[in-house]
Amino acid sequence: MGKRQGAAELTAVGIGKTFGDFHALRDISLTIGSGEFLTLLGPSGSGKSTFLMILAGFEEATSGTLKKDGVDITRVPAEKRAFGMVFQGYALFPHMTVEQNIAFPLQVQGRAPGEIKILVDDMIDRVGLRGHEKKRPAGLSGGQQQRVALARALVFEPAVLLLDEPFSALDKNLRVSMQEEVRRLHQELGTTFVFVTHDQSEALALSTRIGIFNHGHLQQLDTPKQVYERPANRFVAEFLGDVNILPLSEAQATGHGGEAVFEGRPIRLIAPGEAVTKQFAIRPEHMVLSEKAPDDGNMLQAEIEGVTYLGSETRFALKTLGGTPIVLQMPTREVSAGFEPGRMVWAGWPATQGFFVGS
Ligand code: ATP
């Protein structure tokens with residue numbers, strides 16, 4: 001245990017993919033850093049699996065180039081790339097035991113039996129399958145089967161691990177514990193991980209960076225914090241979570257952000273480099289409800305229309321004086337007893353929160 005594996009850098013330049021006259025991917029250029037945990041996120045049909053298949057070598061790009069550590073691998077077949085893979089439907093061998101399943105890639109490579117034993121043993125410990133070595137997949141839980149799949153994909157020390165929605169069939173609790181497992185394996189091994197999901201919270205929790213796909217285009221590639229708090233466009237903003245969009249009557253850039261007017265009230269944003277547009281966006285949980293006007297920051301007066309108790313959080317449906325609907329979410333322990341439908345309140349947020357979006 002404790003040994004770190006190799007990692008490779010992958011670079012895609014202008015990757016396109018058509019199926020007949022349908023464009024599944026358009027001009028995708030990105031670099032996946034050595035040892036990074038990069039997630040490809042997007043709605044169904046956005047092209048993320050197709051891109052992963054091109055990285056794996058199972059699909060050929062219609063245009064563009066792919067490089068591994070600077071070497072062109074665009075035409076290198078999948079088996080020569082030797083990336084680890086955990087795909088949906090990339091099933092375990094049902095007639096083999098756990099250790100036979102994990103040993104399989106090493107046997108294909110013709111490794112010596114002594115070496116195979118050491119590597120398989122190490123993986124069994126790493127993924128927490130000690131005691132289950134002699135079982136067959138049918139005798140394992142869904143989570144244990146996924147651990148075998150992970151061990152089999154990592155045992156031959158690939159420089160890149162590709163994962164396509166590996167946990168989509170698991171229930172929520174198991175999914176969360178497998179996410180933690182994958183994150184730990186990534187940290188321990190240092191291998192480059194490329195992970196496909198359509199689950200926003202999974203992407204935000206796991207990744208060093210997230211690439212967001214829509215209609216075959218890469219919309220933004222950045223850290224979880226940046227894509228959530230500084231989305232490149234309205235699609236990214238709305239795909240990553242609920243967001244209030246406030247139409248502005250005036251908006252201009254200042255040296256360090258922007259100043260705008262919404263329903264006659266000033267809105268100020270401190271965010272250097274922000275491109276100012278005629279729409280201001282603010283996430284529900286970045287606003288706080290209060291009975292009196294806050295002393296500083298941005299604020300709007302609004303009427304409570306609905307209250308939804310969500311356990312640790314409470315969600316409010318508000319309507320501004322100008323009639324714009326707003327959603328606000330805050331910790332339940334901070335909710336005052338008087339916050340009930342019909343009440344006029346103040347929704348406030350600091351000048352460092354929010355962003356301008358294009359249409
Ligand atoms: P999902 O989460 O549903 O898998 P995705 O973002 O991974 O979605 P892809 O599987 O990459 O999307 O598919 C992108 C588009 O390309 C889809 O519209 C799909 O129907 C189409 N597509 C993928 N593979 C083929 C194929 N072999 N032949 C024709 N069209 C295909």
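Structural remarks
- Scanning the stretch 257-308 for residues that are of a type outside the set (D, E, K, R) and over 28 Å from Val227 (Cα atoms) yields Gly264, Ser290, Ala293, Pro294, Gln301, Ala302, Ile304, Gly306, Val307.
- Residue tally, condition surrounded by fewer than 19 Cβ atoms within 10 Å (Cβ to Cβ) and within 13 Å of the chain's Cα centre (by Cα), over the stretch 225-272: 3
- The residues listed here are Ile32, Ile54, Ile15, Ile28; of these, the one that is more than 16 Å from the ligand (Cβ to nearest atom) and under 30 Å from Glu238 (Cα atoms) is Ile32.
- Of all residues in the stretch 133-143, those being out of contact with any Asp or Glu (no Cβ under 9 Å at 6 or more places or on another chain) and surrounded by 14 or more Cβ atoms within 10 Å (Cβ to Cβ) number 4.
- The residues in the stretch 196-214 that are of a type in the set (D, E, K, R) and closer than 19 Å to Ile54 by Cα can be counted, and the count is 0.
- Scanning the stretch 182-199 for residues that are surrounded by fewer than 18 Cβ atoms within 10 Å (Cβ to Cβ) and assigned to a helix (DSSP H, G or I), we see that the one that is farthest from the ligand (Cβ to nearest atom) is Glu188.
- Considering the conditions (1) assigned to a helix (DSSP H, G or I); (2) within 22 Å of Ala7 (Cβ to Cβ); (3) within 14 Å of the chain's Cα centre (by Cα), Met178 is excluded by exactly one of them, (3).
- Condition met for Ala260 (in a loop (DSSP other than H, G, I, E, B) and in the same structural domain as Trp349 (by the TED database)): no
- Inter-residue pairs, beta-carbon under 7 Å, first touching a residue at least 12 places away in the same chain (Cβ under 8 Å) and in the stretch 239-257, second in a loop (DSSP other than H, G, I, E, B) and buried (at least 20 other Cβ atoms within 10 Å of the Cβ), 6+ apart: Leu240/Pro231; Gly241/Arg283; Asp242/Arg283; Val243/Arg283; Ile245/Val357
- Failed item in (1) under 28 Å from Pro94 (Cβ atoms); (2) in a helix (DSSP H, G or I), with Pro166 passing the rest: (2)
- Condition met for Arg75 (under 18 Å from Leu185 (Cβ atoms), basic (Lys, Arg) and in the same structural domain as Gly190 (by the TED database)): no
- Exclusive hit being outside the structural domain of Arg234 (by the TED database) and either in a strand (DSSP E or B) or in contact with a Gly (Cβ under 6 Å, 6 or more places away or on another chain) (or both), set Ala281, Ala293: Ala281
- Some residue of the stretch 136-151 being of a type in the set (S, T, N, Q) and either outside the structural domain of Pro105 (by the TED database) or touching a residue at least 60 places away in the same chain (Cβ under 8 Å) (or both): yes
- Pair list, Cβ < 6 Å and 6+ apart or interchain, from the stretch 46-75 residues that are assigned to a helix (DSSP H, G or I) to residues that are β-branched (Val, Ile, Thr): Lys48/Val196; Ser49/Val196; Leu52/Val196
- Qualifying residue in the stretch 69-88 (condition: in contact with a helix residue (DSSP H, G or I) (Cβ under 7 Å, 6 or more places away or on another chain) and β-branched (Val, Ile, Thr)): yes
- Test: residue in the stretch 333-345 that is within 28 Å of Phe235 (Cα to Cα), in a strand (DSSP E or B) and touching a residue at least 12 places away in the same chain (Cβ under 8 Å): no
- Ala112 being within 21 Å of Lys17 (Cβ to Cβ) and either surrounded by fewer than 12 Cβ atoms within 10 Å (Cβ to Cβ) or within 16 Å of the ligand (Cβ to nearest atom) (or both): no
The values are calculated or read from the model by the stated rules, or taken from the named source; none is laboratory data. Here the structure is a predicted model, which means the values were calculated and not measured. Reconstructed Cβ throughout: ideal geometry from the backbone, glycine too, with neighbour counts over all protein chains shown.
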